[in-house]
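See below for the structure under consideration.
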Amino acid sequence: MPAGARRSDLPALPLAVSIGEPAGIGAEIVAQAWLRRSALALPAFYLVGDAGFVARRLARAGLDVPLAEVEPGAAAATFARALPIVGTGHPLPDSPGRPDPVAARGVIAAIERGVADIAAGKAAGLVTAPIHKAALYGAGFAFPGHTEFLGHLAGRYWPGRPAQPVMMLAGPELRGVPVTIHIPLAEVPRRLTTQAIIETGRIVARDLTRRFGIARPRLAVAGLNPHAGEDGAMGGEDIAIVAPAIAALRAEGIDATGPHPADTLFHPRARTGYDAVLGMYHDQVLIPVKTIAFDETVNVTLGLPFVRTSPDHGTAFDIAGRGIARPDSMIAAITMAAEMAATGQPAEPALS
Ligand SMILES: NC(=O)C1=CN([C@@H]2O[C@H](COP(=O)(O)OP(=O)(O)OC[C@H]3O[C@@H](n4cnc5c(N)ncnc54)[C@H](O)[C@@H]3O)[C@@H](O)[C@H]2O)C=CC1
Ligand SMILES: NCC(=O)COP(=O)(O)O
C-alpha cells in the first residue's frame, strides 16, 4: 500500500471498470470481485459496458449477481446491493472464446467513458479488464494497447498536460517496467534509445515516490544483451545506449544502477536490492513478474494524470464463459487503484 494511504482512506468516488473484450473473462472476474466486496472491504466500483451482455454472460457462467444499470453518481450507493453497470450504448455479443469484430466499438467506448468520468470528477480511477488487441487492430484501433491509448485520452481530457504513459507490472515481490512494450523483438535494438530509458526512469522514480510513497526509489536497469553485453563482445547497445541513460539518471539524482545482466536480476536476493527493474523489452520483465506472482500482480500505467490499473493477465479465452476464472489479479487491481487514488495526488505536472 502506498505510504499515506490507509484502508479507511478509500476514495469517496467509485472506480470505473471497463468491460474489456466480451469474448474473454472480464465480466466474470468483475462479478467475482463484487461477490467478495464485503469480505475484502473492496472500494465501490462500477462496470462500464452493456448490461444485457453482462446479464447473459453471468447467467451462462453460473454467477448469481444482481445488476443495476445506473449513472456513475448512483454507483457508490448501489454497490452494496448490486453490481452497478454504466452503459455505453453499444451492445456486446456473448460469444465466449470467440472474439467478434463487432464488439470493438463498445470495448473502446467503455475505456473512453471511464476516462471521461474521471475527468468529470465522477470516478476515482480506471481499472481495465483485458482487451484482445488483435480484434481491436482489425477494427482500426491505432494503439498497441491500453497504455498508449490512455496516453492519448489524457491529452484529450487534460490538454496542455502532456502524458507519457509507462507500463509497470507491480507484484508483491517485484515491480518491473518494460522500456519498449508491444513491438516485435526484432525491432527492439533499433527502437531502444537512451532518451526513452531516461524518460522512463524519470517517470518511474517520480511515481514510485508520489503514488507509492517510496522516498528514494532504487531502480535497477537491465542490460539488453546476454551478460549486459560482456564489455561489448555480445552486443554494443549496453555501452552505447543503456549505460549513458543510467549516467544521466544518476546525474539527476535518481538512484539508478546497471546495466545489470538480466539473468541474475530476478532471484530473491537480487530483488532485495531495488524497488523496480527497468527492462529493455516486454518479455524480459513480464516473464519474471508473472512467474513469481501471476495471480497477485497488477499492471499499472504510470505517467498519466489519473490512476489506471489492470489485472496482469489477458482475456483467457480458453476458460471464458465457465465461471472458473480467478478474480485475484482483478481484485488486486481494484485495491491498488483505490489505494493510489487515496494518496490524493493531484493531476501530474508535465515533465521537463
Ligand atoms: N491488459 C490487457 O488488456 C491484456 C490483454 N492481453 C490480451 O489477452 C489475450 C490473450 O493473451 P494470452 O497470452 O493468452 O494470456 P492470458 O493471460 O489471457 O492467458 C494465459 C493463460 O492463463 C490463464 N489465465 C489467465 N487469466 C486467468 C484467470 N484470471 N484465472 C485463471 N486462469 C487465467 C488462461 O486460461 C491461459 O491458460 C491477447 O489478445 C492479449 O493481447 C494480455 C495481457 C494483458
Ligand atoms: N502484456 C501486457 C499487456 O498486454 C497489457 O497492455 P495494456 O493493454 O495495458 O497496454
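The residues neighbouring ILE324, those whose beta-carbon lies less than 11 Å from its own, together hold a net charge of 0 under the Lys/Arg +1, Asp/Glu -1 convention. Here the gap between GLU187 and THR264, fully extended at 0.36 nm per residue and compared with their Cα-Cα distance, gives a gain of 25.3 nm. Between the alpha-carbon centres of the stretch 10-74 and the stretch 291-328 there is a gap of 15 Å. Each Lys or Arg adds one and each Asp or Glu subtracts one; over the other residues with Cβ under 14 Å from the Cβ of GLY201, this totals +1.
Taking the Cβ of GLY62 as the center, what net charge do the other residues with Cβ under 15 Å away carry, scoring Lys and Arg +1 and Asp and Glu -1? Spelling it out: positives minus negatives among the neighbours equals +1.
Only one residue of GLY97, THR343, ALA27 has its Cα farthest out toward the positive end of the dipole of the chain, where Lys and Arg carry +1 and Asp and Glu -1 on Cβ, and that residue is THR343. Taking 0.36 nm per residue of separation and subtracting the Cα-Cα distance, full extension of the segment from ALA142 to GLU252 would add 36.2 nm. Per the Cα gyration tensor, the chain maps to an equivalent ellipsoid with semi-axes of 35, 21, 18 Å, ordered largest to smallest.
Note on the stretch 260-352: with charges restricted to the Cβ of Lys and Arg (+1) and Asp and Glu (-1), its dipole about the Cα centre is near 60 debye.
Dividing the summed helix terms, -39500 (n - 2.57) for each DSSP H run of n ≥ 4, by the number of residues in the chain produces a 222 nm estimate of -10500 deg cm²/dmol to the nearest 500.
Using equal-weight Cα scatterers in the Debye expression, the normalised intensity of the stretch 133-201 in log10 at q = 0.26, 0.27 Å⁻¹ is -1.23, -1.23.
Oblate is the label for the stretch 59-129. Its Cα gyration tensor axes, ordered a ≥ b ≥ c, give a/c of at least 1.5 and b/c at or above a/b. Under a model in which nothing but the beta-carbon of Lys, Arg (+1) and Asp, Glu (-1) is charged, the stretch 166-302 shows a dipole of about 460 debye around its Cα centre.
Explain nothing, just the number: dipole magnitude of the stretch 1-158 about its Cα centre with +1 on each Lys and Arg Cβ and -1 on each Asp and Glu Cβ, in debye rounded to the nearest 20.
260
Highest mean packing comes first when the peptides 173-186, 325-338, 37-50, 130-143 are listed by Cβ atoms within 10 Å, giving 325-338, 37-50, 173-186, 130-143. Pairwise Cα separations in the stretch 166-302 fall into 10 Å bins from 0 onward with the following percentages, short to long: 13, 48, 34, 5.
Only the coordinates and a few stated rules stand behind these numbers; no lab work does. Please read all numbers here as calculations on a predicted model, not as lab measurements. In this analysis, Cβ positions are derived from the backbone assuming ideal geometry, glycine residues included, and neighbour counts consider all displayed protein chains.
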